[in-house]
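One structure is given below, encoded as structure tokens.
The values are calculated or read from the model by the stated rules, or taken from the named source; none is laboratory data. Here the structure is a predicted model, which means the values were calculated and not measured. Every residue, glycine among them, receives a Cβ derived from its backbone with ideal geometry; neighbour counts consider all protein chains shown.
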Amino acid sequence: MTRWFEDIVIDEVFDLGAHGFATEDMVRFASLYDPQPVHTNSEMAQASYLGGLVASGWHIASVGHRKMVDALFAEEERLRALGREPGVSGPSPGVNSMDFPTPVRPDDVVSFQLVVTGKRPSNSLPGWGLLFNRLTGTNQHGDLVYSAELVAFSKLRDYRMPWWQKLLQALTNLPLIGPLIARRS
């Protein structure tokens with residue numbers, strides 16, 4: 001999130017936009033990254049239990065993630081245009097779950113949303129907080145086609161490192177003392 005940890009509101013919904021899944025794009029993506037017949041071969045897919053060609057889950061997740069990253073960059077630009085300094089996003093320590101409850105078919109249009117479902121200061125990275133997010137995709141019929149529980153780091157705006165942490169950090173950089181401290185940790 002390109003807002004400071006303190007400015008992030010729990011349960012705020014971010015509409016990320018929609019994406020149309022054309023047959024050619026579905027087959028191209030699957031041919032490169034998930035070459036299973038249900039994603040690449042209409043005839044074999046028709047004979048499968050899915051009853052026709054479906055988008056790869058990795059394709060759906062990739063599009064949703066791209067929409068999310070584009071929205072983060074847009075939020076950064078929006079804040080700068082208002083004369084405000086955007087927050088600092090950190091890396092993601094992982095995805096807790098990912099589900100594809102309804103297949104995405106050719107010509108489906110999927111709308112994506114991101115919701116921050118929780119947050120807390122990090123126990124392991126001073127000055128950072130953890131964000132718990134839900135990224136979802138819904139097709140034009142209102143069916144949930146994608147849901148992922150994501151975790152990400154966000155920097156605290158007003159964090160000041162305690163003196164003892166500054167001292168410990170400085171000592172770990174010293175040639176003789178640093179290795180001794182590192183062994184004890």
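Some notes on this structure:
- When the stretch 75-112 is filtered for residues that are more than 13 Å from Asn139 (Cβ to Cβ) and assigned to a strand (DSSP E or B), the ones remaining, listed by number, are Ser89, Gly94, Val95, Asn96, Ser97, Met98, Asp99.
- Test: residue in the stretch 142-149 that is closer than 30 Å to Gly20 by Cα, part of a loop (DSSP other than H, G, I, E, B) and in contact (Cβ under 8 Å) with a residue 40 or more places away in the chain: yes
- Residues that are surrounded by 14 or more Cβ atoms within 10 Å (Cβ to Cβ) and either of a type in the set (Gly, Ala, Ser) or within 29 Å of Asp158 (Cβ to Cβ) (or both), drawn from the stretch 56-73: Ser56, Gly57, Ala61, Gly64, Met68, Ala71, Leu72
- The stretch 146-185: number of residues that are among the polar types (S, T, N, Q) and either touching a helix residue (DSSP H, G or I) at 6+ places or on another chain (Cβ under 6 Å) or at positive phi (or both): 2
- Residue count for the stretch 1-53 satisfying the condition of being assigned to a strand (DSSP E or B) and touching a Lys or Arg at 6+ places or on another chain (Cβ under 6 Å): 2.
- For Leu82, the requirement of being at negative phi, modelled with pLDDT under 95 and of a type in the set (A, V, I, L, M) is not met.
- Some residue of the stretch 118-134 being buried (at least 16 other Cβ atoms within 10 Å of the Cβ) and farther than 19 Å from Val151 by Cβ: no
- Screening Val151 against (1) in contact with a strand residue (DSSP E or B) (Cβ under 9 Å, 6 or more places away or on another chain); (2) more than 30 Å from Ser56 (Cβ to Cβ) leaves a single unmet condition, (2).
- Filter result for Val38 (surrounded by 15 or more Cβ atoms within 10 Å (Cβ to Cβ), in contact with a Leu (Cβ under 6 Å, 6 or more places away or on another chain) and of a type in the set (A, V, I, L, M)): yes
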